[in-house]
Amino acid sequence: MSAGGARPPSQPPVIGPEQVAHVARLARLELRDDELTRFTEQLASVLAYAAEIAELDVGDLEPMAHPLPLHNVLREDEPQPTLDRDVVLAEAPATEDRRFRVPRIMGEEP
Amino acid sequence: MNGSAIALASEVRSGDRSARDVVEEALAKIAAGDPEIHAFVEVLADRALDRADEIDRAVASGSDPGPLAGVPVALKDNLCTAGIPTTCSSKILEGWRPPYDATVVERLRAAGAIVVGKTNMDEFAMGSSTENSCSGPTRNPHDHDRVPGGSSGGSAAAVAAGFVPLALGSDTGGSIRQPAALCGVVGMKPTYGVVSRYGLVAFASSLDQIGPLSASVADAAVTLEVIAGHDHRDSTSLEAPAPDVVAAVDRGVEGKRIGLVTELVDRTDPDVAARVRQAADALAAAGAEVEEVSIPQFRYGLAAYYLIAPAEASSNLARFDGVRYGLRVDAPDVAAMNVATRTAGFGPEVKRRIMLGTYALSAGYYDAYYAKAQRVRTLVSDGFAYAYTRFDGLLGATTPTTAFAIGDRTDDPLAMYLSDTCTVPANLAGHPAISVPFGTDQGGLPVGVQALAPALGEPMLFALAGALERAAPEPGGRNP
């Protein structure tokens, strides 16, 4: 590897298949068994690289969420035109009575 | 294209050449060359010709269509175009036609530019090679077996192949500058907040910026002046006028203090490092005071970036749920429909980033990863701030290597991520940066040199870029 720092020597994986499966559920993704294996290896490798900052002592620095010191950017509270409802609904996978139509929400847990 | 954007616009405005003729030339070049390169995912021939005729009528009637009159422009396919498919090279958005134009698209049109097509990209801008596209990879015009870089690889290749003089891309961790370097064109990322993100499909909202790719620094400057400036529809848009950069291109760097950043040159390939040092010498010869400076904080930028960007992406991409637009895979209930849609609609890299981000934000890991990365972001910004007490601008490589072979890094995400190591610091700090072509490696592949400036230092950045362009070795390259 010619750039970006040496990969840390084979550290124990910081993330295992159970955690990857859990994270996939949280993210509404379904993984096949072979995907679970491959993603676990790949995420472990990326997190091992990220571990180099986990060891940095930066506790006295403020966290930076954003490059700009912006707070509460508001406009005047006056009604303004929005996108045309029919134009927006035309892009929906399914509609009914000028609303988005979805499969049932209530009922048994999936 | 024959001629820069500025030269073409000048010909069209003066009536020496019709916009139709310019657009027909671009369309002919795309038709001849793009089946091999695959820079475009959609070519808008009819719309572009109609628009060209409008421009020609305006010129004939004595009105000025604007500084980019008749200039064919390519748009990365994550920029919303009203009524025109905008896919982000993702199956989940296949066929989606946005109900509105991005602000940058409106502003380009108002300046007389003509959109000729949408360009290929890594899915949702996640990647450094344009291989993560649902419509297949784009090829580097200098060597068709190599990647054009990414994620704005289609835009970079479209300019490098001479299809168009100008394109827009987006840059979250280097996605304009890195492909510009690998394709031998100019690519510029503005200060965060200078260009409106309204209508840019969000990847990592605190990092994303739209910017130009072009064959020359002057063309990038004109384009930035057109697309920059406050927009009330983007709450992170700065209340500042568009930066005055066209006049800066020829200003020179005499007496300017330029720092050659050790961390942006010492781990790059020897050929790349040699070009960067040659560029530093050229700036010194042009009258700048060049000195090497170490910014050790940059070493941690990449790790912080690959926690912050996925964390933001995991949140931004939650909107793709099969309800309001894009793909839906039917299932008996809504939760199963969400899962089926996202599982079928997202490619592997997008899934990796969403899971990485979800993990970094999840209970028990938030402090160790995400909060830590945000503090490291401050650390990197502090590194810049200290350097800018001593220097007016900074210099380094844009990428650690020249263009790599298609397929080389697709199975090793970390190796791919390391492509971004020189570009992410500017995104973390929100500063402007530009990649300027500067000769080739020994194999004839383009090398990009990166110039950086403090926030809102665009005039300084373009002065530096102009000086680099004037000092650059004659364009090399294998094919074009």
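The values are calculated or read from the model by the stated rules, or taken from the named source; none is laboratory data. Bear in mind that the values here come from a model prediction, so they are computed numbers and not experimental data. When we count neighbours, we look across all protein chains shown, and the Cβ atoms used for this are built from the backbone with ideal geometry, even at glycine.
Quick check on my filter: what residues within region B:103-128 are more than 17 Å from the chain's Cα centre (by Cα) and part of a loop (DSSP other than H, G, I, E, B)? B:A111, B:G112, B:A113, listed by residue number.
Return only the number of the condition from (1) within 16 Å of B:V147 (Cβ to Cβ); (2) surrounded by 19 or more Cβ atoms within 10 Å (Cβ to Cβ); (3) out of contact with any Gly (no Cβ under 9 Å at 6 or more places or on another chain); (4) not hydrophobic (A, V, I, L, M, F, W, C) that B:T410 does not satisfy. Unmet for B:T410, out of (1) within 16 Å of B:V147 (Cβ to Cβ); (2) surrounded by 19 or more Cβ atoms within 10 Å (Cβ to Cβ); (3) out of contact with any Gly (no Cβ under 9 Å at 6 or more places or on another chain); (4) not hydrophobic (A, V, I, L, M, F, W, C): (2). In this structure, A:Q80 does not satisfy being within 9 Å of another protein chain (Cβ to nearest Cβ), without any contact (Cβ under 8 Å) to a residue 60 or more places away in the chain, within 30 Å of B:G322 (Cβ to Cβ) and out of contact with any Gly (no Cβ under 8 Å at 6 or more places or on another chain). Residues satisfying the criterion are present in region B:105-128 (criterion: closer than 30 Å to B:G15 by Cβ and acidic (D, E)). The set of residues in region B:349-389 that are touching an Asp or Glu at 6+ places or on another chain (Cβ under 8 Å) and more than 7 Å from chain A (Cβ to nearest Cβ) comprises B:E349, B:V350, B:G357.
The set of residues in region B:197-219 being small (G, A, S) and over 19 Å from A:A65 (Cα atoms) consists of B:G199, B:G211, B:S214, B:A215, B:S216, B:A218. Would you confirm whether any residue within region B:230-241 is touching a Pro at 6+ places or on another chain (Cβ under 6 Å) and more than 24 Å from B:G466 (Cβ to Cβ)? Scanning region B:230-241 turns up no residue that is touching a Pro at 6+ places or on another chain (Cβ under 6 Å) and more than 24 Å from B:G466 (Cβ to Cβ). Residue-level analysis places B:Y325 among those that are part of a loop (DSSP other than H, G, I, E, B), in contact (Cβ under 8 Å) with a residue 12 or more places away in the chain and within 7 Å of another protein chain (Cβ to nearest Cβ). Among the residues of region B:313-337, those identified as basic (K, R) and surrounded by fewer than 20 Cβ atoms within 10 Å (Cβ to Cβ) are B:R319, B:R324.
Looking at this structure, is B:E42 among the charged types (D, E, K, R), more than 17 Å from B:G112 (Cα to Cα) and either exposed (fewer than 14 other Cβ atoms within 10 Å of the Cβ) or touching a helix residue (DSSP H, G or I) at 6+ places or on another chain (Cβ under 7 Å) (or both)? The answer is no for B:E42.
Can you find a residue in region B:33-40 that is assigned to a loop (DSSP other than H, G, I, E, B), in contact with a strand residue (DSSP E or B) (Cβ under 7 Å, 6 or more places away or on another chain) and closer than 22 Å to B:H142 by Cβ?
Yes, that holds for at least one residue.
Would you pick out the residues in region A:91-110 that are at the interface with chain B (Cβ under 8 Å from one of its Cβ atoms) and surrounded by 10 or more Cβ atoms within 10 Å (Cβ to Cβ)? Correct list: A:E91, A:A92, A:P93, A:A94, A:F100, A:V102, A:P103, A:R104, A:G107, A:P110. Note on region A:33-56: residues that are closer than 16 Å to B:T343 by Cα and not basic (K, R) total 5.
For B:A69, the conditions (1) farther than 21 Å from B:G127 by Cβ; (2) part of a helix (DSSP H, G or I) are fulfilled apart from (2). Given the criteria assigned to a loop (DSSP other than H, G, I, E, B), modelled with pLDDT of 95 or more, of a type in the set (D, E, K, R) and farther than 19 Å from B:G153 by Cα, does B:R233 qualify? Criteria not met by B:R233.
May I ask you to say which residue of B:L452, B:L461, B:L395 is surrounded by 23 or more Cβ atoms within 10 Å (Cβ to Cβ), closer than 20 Å to B:P270 by Cα and hydrophobic (A, V, I, L, M, F, W, C)?
One residue alone meets the criteria, B:L395.
A single entry from B:D250, B:D269, B:D281 fulfils the requirement of being within 25 Å of the chain's Cα centre (by Cα), away from every other protein chain (no Cβ under 14 Å) and of a type in the set (D, E, K, R): B:D250. Name the single residue that is farthest from B:A31 (Cα to Cα) among those in region B:74-102 being part of a helix (DSSP H, G or I) and among the hydrophobic types (A, V, I, L, M, F, W, C). That would be B:I92. Just to be sure, is B:E289 charged (D, E, K, R), within 30 Å of B:L93 (Cβ to Cβ) and modelled with pLDDT of 95 or more? It is false that B:E289 is charged (D, E, K, R), within 30 Å of B:L93 (Cβ to Cβ) and modelled with pLDDT of 95 or more.
Comparison of B:A363, B:A344 shows that the only residue that is modelled with pLDDT under 95 and either over 30 Å from B:G430 (Cβ atoms) or not charged (D, E, K, R) (or both) is B:A363. When A:M64 is tested against (1) hydrophobic (A, V, I, L, M, F, W, C); (2) under 24 Å from B:E349 (Cβ atoms); (3) buried (at least 17 other Cβ atoms within 10 Å of the Cβ), exactly one condition is not met: (2). Residue count for region A:20-41 under the criterion of being buried (at least 19 other Cβ atoms within 10 Å of the Cβ) and either in a loop (DSSP other than H, G, I, E, B) or at pLDDT below 95 (or both): the result is 4. Show the residue pairs meeting these rules: Cβ distance below 6 Å; 6+ apart or different chains; first residue within region B:294-312 and more than 10 Å from chain A (Cβ to nearest Cβ); second residue of a type in the set (D, E) and assigned to a helix (DSSP H, G or I). Close Cβ pairs (under 6 Å, with a partner that is of a type in the set (D, E) and assigned to a helix (DSSP H, G or I)) amount to B:I295/B:E263; B:F298/B:E263.
Of the residues screened, B:T421 is one that is of a type in the set (S, T, Y), facing chain A (nearest Cβ under 7 Å) and over 28 Å from A:A21 (Cβ atoms). Screening B:N338 against (1) polar (S, T, N, Q); (2) more than 7 Å from chain A (Cβ to nearest Cβ); (3) assigned to a helix (DSSP H, G or I) leaves a single unmet condition, (2).
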